[in-house]
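**Q** Can you read through this structure? Questions will come right after.
The values are calculated or read from the model by the stated rules, or taken from the named source; none is laboratory data. Only a predicted model underlies this, so the values are computations on that prediction, with no experimental measurement involved. Every residue, glycine among them, receives a Cβ derived from its backbone with ideal geometry; neighbour counts consider all protein chains shown.
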Amino acid sequence: MLGSSRSQGQQAPRRRTAVGLGLTGLVASTLGAVSLATAPGPSVAAGPSEADWAACAAPAPSRQAAFARAAEVSGVPEEVLLGVSYLQSRWDDHGTSPSTSGGYGPLHLTAVESTPAALTDPDPLGKGEGGPEPGSREMTTSRMDDTQLRTLDRAADLTGLAADRLETDDVANICGGAALLAADQRASGVEARDLGDWSAAVAAYSRAADEATALRFARDVYAVIRSGEARRTNDGERVRLPATTARVDQDAVAALDLAEAGPATADCNARLACESVPAPYEQYGETPGEYGNHDLADRPEDLDLDYLVIHDTEATWDTTLDLVTDPTYVSWHYSLRSADGHIAQHVPVDDPAWHAGNWYTNMHSIGLEHEGFAAEGASWYTENLYRTSARLVRHLAERYDIPLDRGHVIGHDQVPGTTPATVRGMHWDPGPYWDWEHYFDLLRAPIDQTGAGTGRTARDAKVVTVAPGFRGNRQPLSGCTESGACTPQGTNFVPLQQRPRWGSPLVADAGLRPDGSPSTTQVSDIGARATAGHRFRVAERRGAWLGVWYLGDLAWMHSPRRDPVVVPDRAQVVVPRRDDVPVYGRAYPEASAYPASIPVQEVVPLQYAMDRGQGYVVADPDPETDYYYAKSFQCATTVDDCTEVEGADDYLMVWFGHRMAYVRADDVRVRTVGGALR
């Protein structure tokens, strides 16, 4: 989530409210997008009659049947219709909830006036700090023309179906999307002889402002058509797209005459077409400490790059860009737009951005903010977003030698507090509705294959990785709306309980609830969640229950033999040498490592400990022990500014609770458990 400070003791940046909480995904970084469906001429109005569309929108026995009927009525190949819908929504239907770009239903029909309810929250950063304070910075990007934002109205005009029906009725919505594709195709003047001839219509459906983003969308649609897909949707529908040979016609996409992408960035490969929207590094006050909104370095030459941190913005696209271009606010390296996966880079990877709320993590990580709202989940996290993010992460991981595993590609919710006082204020995004299993499939590092080759089953494994299967894992949650309800949908975690039986209290997290009360089902309460990719040392088994070490105690998860929520694994495990081994939120150097001119940063234990006989899986076996002293504007301001202090103490980062923790290597023994490591 936005709004994470540096947490290194400097003056907190001033906050303000961005002007214009507009629709996300609908802000163009260059010129307005060109849409074939809005081209003049009688050809756009031609096509099926209103009676045909009324028949198309009649109740269907299944969503698959609705796609087939819409294809027949519209003339759009069923493969194209299914491919476009998959990229927009993965064929899901979210009822009356729009996405961040105001998109409704399986075909993501947009309405410019749609403002998600979450935007009215007086705490847009999701952290209980109120909102940012008012400011006056004008938007740095131009909006698309309103006609590009009102595909819902355009679909209503083409079909004669009421706009509110297109919003709420998934069958009508599919027909409306088909009508747009058919109109785009007619306006192109291309005779559709094969699937590739639909390339321009597919690219136009993205409503992207620039050719690179539109072409990427078209390539993704055609990749889905070639590979085929099948899944059960969030509301229980089974939909299948058989694999079919098809290729994008790039010349047809170029003929749309879309704008060129904005200024390119160094840390983004050409096919991702990242735009540069720089975060300012400038002094805004009279003292050297009044500057923003990141620090200068030469990573990875001076500071190791170890982690990629996945955030969600809790704000719309225009708000996100407004905040990151404010020198008095905080920063992150990349923003990714929900509607089309467009990427903007703000801070060079060389430099630490202020995104994680933990200065040690900031020193060694790259922050990626994804447009969306954690409590709404799948309504915001589009397939476009997942795929583009995965490509960017693969690129960064390869370039900077960052392992593609859940110990190094982490959620903001895994970042530990720096001291006991900061634990409760740490963020919980991207939340329980971020599909880590699907994301790691796209990263080509599947979570459920973590321990492949151990020769064990989940029933007898000594180390396990959580892999509950997202779609069917509908854990009960509360607090998503004013009424307290959360829409049942797939979640990425399994709950941990104090005893091996249903009805037992959820485990307690002393950092979040100092009074010792159990965790809750509140959507933001991460205290008792074992998230997909979380790795555990198994301590005990009782029937269908697994006892695992968690936050210094034994916790229980339900994992029946016929439907396990874990897969066998093998890993390095730390075993405490004594009782009450402390854990830390950062791997800072020992006091003797600091020169006299740089204040010692005390390494304060968190409010947890490990006891003898427990075991915790190592997430990072060799984090750098260091502290980057950077507290004033320009590295030459003081003799020691922008200095890395390196320590002799060795640490390991471990899966300790929902969040990671650091433990001194001298306090533990390291054992390989579950077979030889790959």
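**Q** Applying the selection to segment 584-598, what residues are free of Cβ contacts under 8 Å to residues at least 60 places away in the same chain and assigned to a loop (DSSP other than H, G, I, E, B)?
**A** Listed by number, the residues that qualify are GLU590, TYR594, PRO595, ALA596, SER597, ILE598.
**Q** Okay, moving on. Restricting the search to segment 173-205, which residues are within 15 Å of VAL253 (Cα to Cα) and surrounded by 24 or more Cβ atoms within 10 Å (Cβ to Cβ)?
**A** LEU181, ASP184, GLN185, TRP198, SER199, ALA200, ALA201, VAL202, ALA203, ALA204, TYR205, listed by residue number.
**Q** Is at least one residue of segment 301-320 over 20 Å from ASP401 (Cα atoms), aliphatic (A, V, I, L, M) and crowded, with 22+ Cβ neighbours inside 10 Å?
**A** So far as segment 301-320 goes, yes, one or more of its residues are over 20 Å from ASP401 (Cα atoms), aliphatic (A, V, I, L, M) and crowded, with 22+ Cβ neighbours inside 10 Å.
**Q** Oh, and also: Only residues that are surrounded by fewer than 17 Cβ atoms within 10 Å (Cβ to Cβ) and of a type in the set (A, V, I, L, M, F, W, C): list them for segment 233-247, please.
**A** ALA243
**Q** For a quick check of your reading: which helices (runs of 4 or more DSSP H) sit entirely within segment 46-96 and have at least 2 residues that are at pLDDT below 95, within 32 Å of the chain's Cα centre (by Cα) and of a type in the set (D, E, K, R)?
**A** The helices (runs of 4 or more DSSP H) meeting that bar number zero.
**Q** Name the one entry in VAL330, VAL349 that is of a type in the set (A, V, I, L, M, F, W, C), part of a loop (DSSP other than H, G, I, E, B), surrounded by fewer than 24 Cβ atoms within 10 Å (Cβ to Cβ) and in contact (Cβ under 8 Å) with a residue 12 or more places away in the chain.
**A** None of the others qualify; the one that does is VAL349.
**Q** Take ALA596 and tell me if it is of a type in the set (Gly, Ala, Ser) and under 28 Å from the mean Cα position of the chain (by Cα).
**A** no
**Q** So, one more: Might you let me know whether segment 643-665 holds any residue that is among the basic types (Lys, Arg) and surrounded by 15 or more Cβ atoms within 10 Å (Cβ to Cβ)?
**A** Yes, there is a match, as at least one residue in segment 643-665 is among the basic types (Lys, Arg) and surrounded by 15 or more Cβ atoms within 10 Å (Cβ to Cβ).
**Q** From the residues in segment 561-593 that are of a type in the set (Lys, Arg) and surrounded by fewer than 20 Cβ atoms within 10 Å (Cβ to Cβ), which one is farthest from ASP448 (Cα to Cα)?
**A** ARG578
**Q** As an exercise: evaluate ASP620 against (1) of a type in the set (D, E, K, R); (2) under 27 Å from the mean Cα position of the chain (by Cα); (3) surrounded by fewer than 18 Cβ atoms within 10 Å (Cβ to Cβ) and give the number of the one condition it does not meet.
**A** (3)
**Q** Only one of THR481, THR465, THR491 is over 23 Å from LEU554 (Cβ atoms), surrounded by 19 or more Cβ atoms within 10 Å (Cβ to Cβ) and among the polar types (S, T, N, Q). Can you tell me which?
**A** Answer to the selection: THR491.
**Q** Moving to a separate point now. Which of (1) touching a Gly at 6+ places or on another chain (Cβ under 7 Å); (2) not in a loop (DSSP other than H, G, I, E, B) is the odd one out, the single condition VAL617 does not satisfy?
**A** (1) is the only condition that VAL617 fails.
This table checks each residue for (1) in contact with a helix residue (DSSP H, G or I) (Cβ under 6 Å, 6 or more places away or on another chain); (2) at pLDDT 95 or above.
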position	(1), (2)
SER136	no, no
ALA163	yes, no
GLU191	no, no
VAL202	yes, yes
GLU211	no, no
LEU215	yes, no
GLY228	no, yes
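Here is a yes/no grid of residues against (1) among the aromatic types (Phe, Trp, Tyr); (2) within 25 Å of THR481 (Cα to Cα); (3) at pLDDT 95 or above; (4) not in a helix (DSSP H, G or I):
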site	(1), (2), (3), (4)
ALA378	no, yes, no, no
TYR381	yes, yes, no, yes
LEU385	no, yes, no, no
SER389	no, no, yes, no
VAL393	no, no, yes, no
ARG406	no, no, yes, yes
PRO416	no, no, yes, yes
TRP434	yes, yes, yes, yes
